[in-house]
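The values are calculated or read from the model by the stated rules, or taken from the named source; none is laboratory data. Predicted model only: the values in this text are computed from it and were never measured. Counting neighbours? That spans all protein chains shown, and the Cβs are built from the backbone with ideal geometry, glycine included. Keep in mind that these areas ignore ligands, DNA and RNA; they rest on the heavy atoms of the full protein, side chains included. Shrake-Rupley method; radii C 1.70, N 1.55, O 1.52, S 1.80 Å.
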Amino acid sequence: MARDAENRAQFQPEDHPNESFLLTSIVGSYPKPKWLNRVDELAEDDDSKFTGDHLHEAHDDACRLITEEHERAGLDTVVDGEMRRNEMVEFFAHRIDGYEFNGPVKVWGHNYFDKPSVVEKVEYDEPWLVDEFEFTDEVADRPVKVPITGPYTLAYWAFNEAYESKEELAYDLADLVNEEIEKLVEAGARYIQIDEPALATTPDDHAIVGECLERIVDGIPEEVRIGLHVCYGDYSRIYPELNDYPVDEVDLELCNGDYEQIDVFADGEFAPDLALGAVDAHDATVESVEEIEANIKQGLKVVPPEKLTISPDCGLKLLPREAAYEKMDNMIEAARNVEAGLDDGSIDVPVRDTAPADD
């Protein structure tokens, strides 16, 4: 149940080289410069002379650097690489009234997560991302996408000590996300991505996510592009149900699994646009342009070119920065090559039978 089939056109550059247009983007996170990691350590050191103002300046510098790096690669829509953020739940929990932190918990191996607790009804106070967006939008020449951790993940990846159920908590959080998006839209944002990695771990709750999305988009103008990012998992457990989600685009991690799940969606009825993971975010090996072109053609099995977005599988923050950039650079070249092939007819678009099945 896509919201507006036409709202992707606003992201096509005026000097786009081809008649066909595959929207290119990045999921969100990106490797931080090594010096920024050192800055974060200094800011946490009570014996350091490093101040909050110094940290703010460093974050500004890093956001400016990575935004320009994304534009240099040629992305149609850019993100600041989430340079100001730490962990995707922790960052927002610090900004939502009702959460508190009681120390890290072990999640796997030797990895720890500062898992928050919801101790009272969640409330919206100050905007979470408006300053971040306004800074990046001022720096960028290209449109800026804003990733937001979704309410389902914010609820299910926290301890619940205040609500009768995590479902009720997720719905309250969805209302807060709606309020934040309203503020972002007022500031000029036109591309919002809701990140729901928790859906892949509990796919039977797809109806809860659907209700959260209904609350999130309530009153949001149709020209604002709303995407949903879901990492890994068995997508057959949330499809075709995700066709009912009120979003313009669904971003899926498929490259890492060598597109074994592409046939789950290749029935000609995929309702939203598909944001196809075309490079692997978990492997530092840089795919060749030819490999990525073949990956992009996998997406054409699901949707026509005018409904296909090209992005990495997931956030790139765990990769070496050089590898992350080379993957983006090759991804953009591959997308433009496929567009040219679509224009001259050397790449065929599969014929889709969208007629309803016989009873």
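General observations
- Pairs where the first residue, in the stretch 220-239, is of a type in the set (Val, Ile, Thr) and the second is assigned to a loop (DSSP other than H, G, I, E, B) and open to solvent by 10 Å² or more (accessible area, probe 1.4 Å), C-beta under 6 Å, 6+ apart: VAL224/ARG190
- Restricting the search to strands (runs of 3 or more DSSP E) fully inside the stretch 84-191 and requiring at least 3 residues that are of a type outside the set (Gly, Ala, Ser) and open to solvent by 70 Å² or more (accessible area, probe 1.4 Å) gives 116-123.
Residues checked against (1) of a type in the set (D, E, K, R); (2) touching a strand residue (DSSP E or B) at 6+ places or on another chain (Cβ under 6 Å); (3) under 17 Å from ILE216 (Cβ atoms):
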site: HIS229; (1), (2), (3): no, yes, yes
site: ASP234; (1), (2), (3): yes, no, no
site: TYR239; (1), (2), (3): no, no, no
site: VAL250; (1), (2), (3): no, yes, yes
site: GLU253; (1), (2), (3): yes, yes, no
site: VAL264; (1), (2), (3): no, no, no
site: PRO272; (1), (2), (3): no, yes, yes
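- Output for the stretch 14-59, where each listed residue is touching a Lys or Arg at 6+ places or on another chain (Cβ under 9 Å) and of a type in the set (D, E, K, R): LYS32, LYS34, ASP40
- Among residues of the stretch 340-359 that are at pLDDT 90 or above and of a type in the set (A, V, I, L, M), none has a beta-carbon under 7 Å from a residue that is assigned to a loop (DSSP other than H, G, I, E, B) and open to solvent by 90 Å² or more (accessible area, probe 1.4 Å) at least six positions away or on a different chain.
- Just one residue in the set GLU41, GLU14 is more than 17 Å from the chain's Cα centre (by Cα), without any contact (Cβ under 8 Å) to a residue 40 or more places away in the chain, open to solvent by 80 Å² or more (accessible area, probe 1.4 Å) and over 29 Å from VAL279 (Cα atoms); that residue is GLU41.
- Conditions (1) open to solvent by less than 10 Å² (accessible area, probe 1.4 Å); (2) among the charged types (D, E, K, R); (3) within 20 Å of TYR99 (Cα to Cα); number of the one not met by ARG225: (3)
- Residue within the stretch 305-315 that is more than 19 Å from the chain's Cα centre (by Cα) and either over 27 Å from GLU269 (Cα atoms) or buried (at least 24 other Cβ atoms within 10 Å of the Cβ) (or both) present: no
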